[in-house]
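Participant: Sharing a structure here in structure tokens format.
The values are calculated or read from the model by the stated rules, or taken from the named source; none is laboratory data. Computed from a prediction, not measured in an experiment: that's the story for all the values here. Cβ placement follows ideal geometry from the backbone for every residue including glycine, while neighbour counts extend to all protein chains displayed.
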Amino acid sequence: MTALLFPWKKLTSCGSGDSISNGRGMKQNEQIKRVLPITALFVDIGGVLLTNGWDHHARKRAAMNFKLELAEMEDRHHLTFDTYEEGKLTLEEYLSRVVFYQKRPFTRAQFRRFMFAQSEPYPEMIELVRKLKVRHGLKIAVVSNEGRELNDYRIRKFKLDGFVDSFISSCYVHVRKPDADIFRLALDIAQVPAQQVVYIENTPMFVQIAEGLGIRSILHADYRTTCAKLASFGLQNDEGVIHETS
């Protein structure tokens, strides 16, 4: 009789139970995340381990050095570069479309050398990833948007293959961030569940995409804050001591 007279009491009771159940589920998920050890570290290259390979600043320097019209170069670059990073164009084809679509007083070799010379390392970040790999037994995977020739040069020049286990580079897998499939490929190749991965990236959108797949992520700004965030995930370096670099 009570149930008929006051049907909302039963509904309220059920709703409260669902809320409690959902709350418990969320807490359990958080507990699982805390319990599961981190077994893999995914890292970006440009902006994390090295400077960007061929960003706006580098192109501006190239335009000044080779006396090119920057606005026209930028227009052509933006129409072409995504295709190059997806491994569907060679560097020579990219240069033909962006720079050498007309006769120039300099050679392709000179321009290529300038492009490659724009890459510089962040030694403290490279050393950090090396140490974390050894100390915690981590798999290291690079997840990056890079054109093949620039990517190959940067891997060799800075000896990234000395500590990285796999390179999920856009030019190799033919998909690029922000497509979430590049992260799914990385998980498949590394053979780790998303909950056991930490990803270091300097682009906010890409961090959000990775987190949407269940990958704990760090928006990289500098060495010290990234060390602190890694430590919060249980990945201390040198017994948790963070060293300043000169």
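Participant: Which residues, counting only those in the stretch 203-225, are over 26 Å from D238 (Cα atoms), small (G, A, S) and touching a strand residue (DSSP E or B) at 6+ places or on another chain (Cβ under 8 Å)?
Facilitator: Answer for the stretch 203-225, where residues must be over 26 Å from D238 (Cα atoms), small (G, A, S) and touching a strand residue (DSSP E or B) at 6+ places or on another chain (Cβ under 8 Å): just A210.
Participant: Return the residues of the stretch 62-92 that are among the small types (G, A, S) and closer than 23 Å to D179 by Cα; say none if nothing qualifies.
Facilitator: G87
Participant: How many of the residues making up the stretch 139-163 are surrounded by fewer than 21 Cβ atoms within 10 Å (Cβ to Cβ) and either among the aliphatic types (A, V, I, L, M) or in contact with a helix residue (DSSP H, G or I) (Cβ under 9 Å, 6 or more places away or on another chain) (or both)?
Facilitator: Of the residues in the stretch 139-163, 13 are surrounded by fewer than 21 Cβ atoms within 10 Å (Cβ to Cβ) and either among the aliphatic types (A, V, I, L, M) or in contact with a helix residue (DSSP H, G or I) (Cβ under 9 Å, 6 or more places away or on another chain) (or both).
Participant: Checking V98 against (1) surrounded by 17 or more Cβ atoms within 10 Å (Cβ to Cβ); (2) under 22 Å from the mean Cα position of the chain (by Cα); (3) not assigned by TED's automatic domain parsing to the domain that holds V143, only one condition comes out false. Which one?
Facilitator: So V98 meets the others, but not (2).
Participant: Here's another thing I want to ask about it. Look at M73 and say whether it is surrounded by 13 or more Cβ atoms within 10 Å (Cβ to Cβ), assigned to a helix (DSSP H, G or I) and aliphatic (A, V, I, L, M).
Facilitator: Judged against the criteria, M73 is a match.
Participant: Just checking, which of I126, I168 is at pLDDT 95 or above, crowded, with 17+ Cβ neighbours inside 10 Å and in contact with a helix residue (DSSP H, G or I) (Cβ under 6 Å, 6 or more places away or on another chain)?
Facilitator: I168
Participant: Taking the criterion of being surrounded by fewer than 16 Cβ atoms within 10 Å (Cβ to Cβ) and under 19 Å from I168 (Cβ atoms), would at least one residue in the stretch 198-209 satisfy it?
Facilitator: yes
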